[in-house]
Amino acid sequence: MRCHTCGDETSPADNECQNCYTPHGQPALAPGVPTYSVRGIGLAASVAVGAAALLYALAALFPLAGVVLAGRARESQDPDVLLGAVLLEVVLSLPFLVAYLTAAVLVIIWTWRARKNLDAFPGALPHLGAGWAIAGWLVPFANFVVPARVVANVARDSLWKRFTPGLVWIWWAAWLAFSVGERLVSRRDDRAYARLPEEPRFDTEFRWYADFYREALGWHLIPLVACLAAAVSLIVLIRRISVAQEQRIALGAPAWPVPAGWPAPGMPFGYAHPAQPAVAPSPRVAAEPTVASPQVPPGPGGTIGA
C-alpha cells in the first residue's frame with residue numbers, strides 16, 4: 001500500500017506513513033474541509049519583511065551621519081547643523097514604520113491561512129486553534145510565546161517533522177532579541193540625549209554630541225543583527241512552508257479532466273477522483289464483420305444432416 005500524501009510504500013504494521021505521518025487509507029486532504037492558498041500571501045509577506053529589515057538597517061545606522069554632522073557643527077560652531085541628524089532619523093524611521101506595519105499584517109494573514117490548512121491535513125496535530133494565529137500577537141505577555149507555538153505547529157505538520165525545526169527557534173529568539181533590544185536601546189538613547197545641552201556653544205559640548213552618536217552606533221548594532229537574523233529565517237520558513245502546503249493541496253485536485261457537473265452534490269472537490277472512463281473498443285475491432293456459421297440444407301427426411 002502506498003501513502004496517498006507522499007507516495008511512499010507503507011507497512012501494515014504501522015498505523016501511519018513513516019515519512020509524512022498520514023494515517024493509512026486517509027487522503028491527502030480531509031473531505032469537506034476548506035483550504036487556502038498561501039503562495040501569493042507568502043510572497044507578499046516575504047517581500048514586506050525584507051523591506052522592513054532593510055529600512056530598519058538604514059534607520060539603525062543613522063548615528064554615522066550624526067557623527068559627521070556633529071563634526072561639522074564643531075568646526076563651524078553652528079548648533080543648527082545638529083538638527084540635520086534629528087531630521088534624518090525621522091525621515092528614515094517613517095518608511096520603516098510603514099513597512100513594519102505592512103509586514104506584520106501580511107505575516108499574520110499568512111500564518112492564519114497556513115494554520116487553517118492544517119485542519120485539512122490528515123495526521124496533522126495542531127495544539128492551538130487558528131484564532132491564536134491572530135490573537136497570539138495581540139494579547140499581552142502571550143505574544144512572547146503563542147506566535148512561536150503556532151508557527152512551530154505549522155512547520156511540523158507542513159514539513160513532515162516529528163519535532164519543531166530549529167529554524168523556528170532561531171527566528172523566534174532573534175525576533176525577541178530585536179523586539180526587546182530595540183526598546184532598550186531607544187530608551188537608552190533618549191536618556192543620553194536628554195543630558196546633552198540644547199544649544200552647545202563650546203568645543204567640548206560639540207564633542208559630547210559626537211561621542212553620543214558614536215556610542216549610539218555601537219548599541220544599535222545589537223538589535224540590527226537580531227532584526228536581520230529574524231527576517232532571513234522568517235522568509236526561509238515562509239517559503240518552505242508555503243511550497244510544502246501548496247504541493248499537498250495540489251494532491252487533492254484531479255489528475256485528469258473531469259466531466260461536467262463533477263463533483264456531485266455532497267462530494268467535496270479534491271477528496272476523490274472520478275472513475276476513469278472506460279476504454280472504448282478500437283475502431284478496427286468494432287468494424288470487423290461477424291462470420292455466420294454455414295447452414296446445412298435439410299435432408300430428404302426433413303432432418304438436418306440426415
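Once Rh is set to the Kirkwood radius over Cα pairs, what Stokes-Einstein translational diffusion coefficient, in µm²/s, holds for the range 48-159 at a temperature of 25 °C and a viscosity of 0.890 mPa s?
It comes out at roughly 145 µm²/s.
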Exercise for review: Compute the FRET efficiency between residue 169 and residue 191 as 1/(1 + (r/R0)^6), taking r as their Cβ-Cβ distance and R0 = 30 Å, and round to the nearest 0.05.
Suggested key: 0.35
Point to revise | residue 169 accessible area, 1.4 Å probe, all protein chains in place, Å² to nearest 10 | key: 130
Exercise for review: Quick one: which residues, 5 or more positions from residue 16 or on another chain, have an amide H under 5 Å from its amide H? H modelled 1.01 Å from N in the peptide plane, none for Pro or chain starts.
Suggested key: 24
**Study point:** Average projected area [Cα convex hull, the range 47-97], square nanometres
**Key:** 3.2
Review point. Using all Cα-Cα distances in the range 38-252, what percent lands in each 5 angstrom bin from 0 up to the longest?
Key: 1, 7, 13, 16, 15, 11, 9, 7, 6, 5, 4, 3, 1, 1, 0, 0
Review point. What is the dipole size for the range 38-252, taken about its Cα centre, with +1 at each Lys and Arg Cβ and -1 at each Asp and Glu Cβ, in debye to the nearest 20?
Key: 1280
Check your understanding: Which value, in Å² and to the nearest 10, is the accessible area of residue 8 when all protein chains are kept and the probe is 1.4 Å?
Key -> 60
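The values are calculated or read from the model by the stated rules, or taken from the named source; none is laboratory data. Not measured: the values here are computed from a predicted model. Using ideal geometry, Cβ is built from the backbone for each residue, glycine included, and neighbour counts are taken over all protein chains shown. Surface areas here come from the heavy atoms of the whole protein model, side chains and all, with no ligands, DNA or RNA. Shrake-Rupley method; radii C 1.70, N 1.55, O 1.52, S 1.80 Å.
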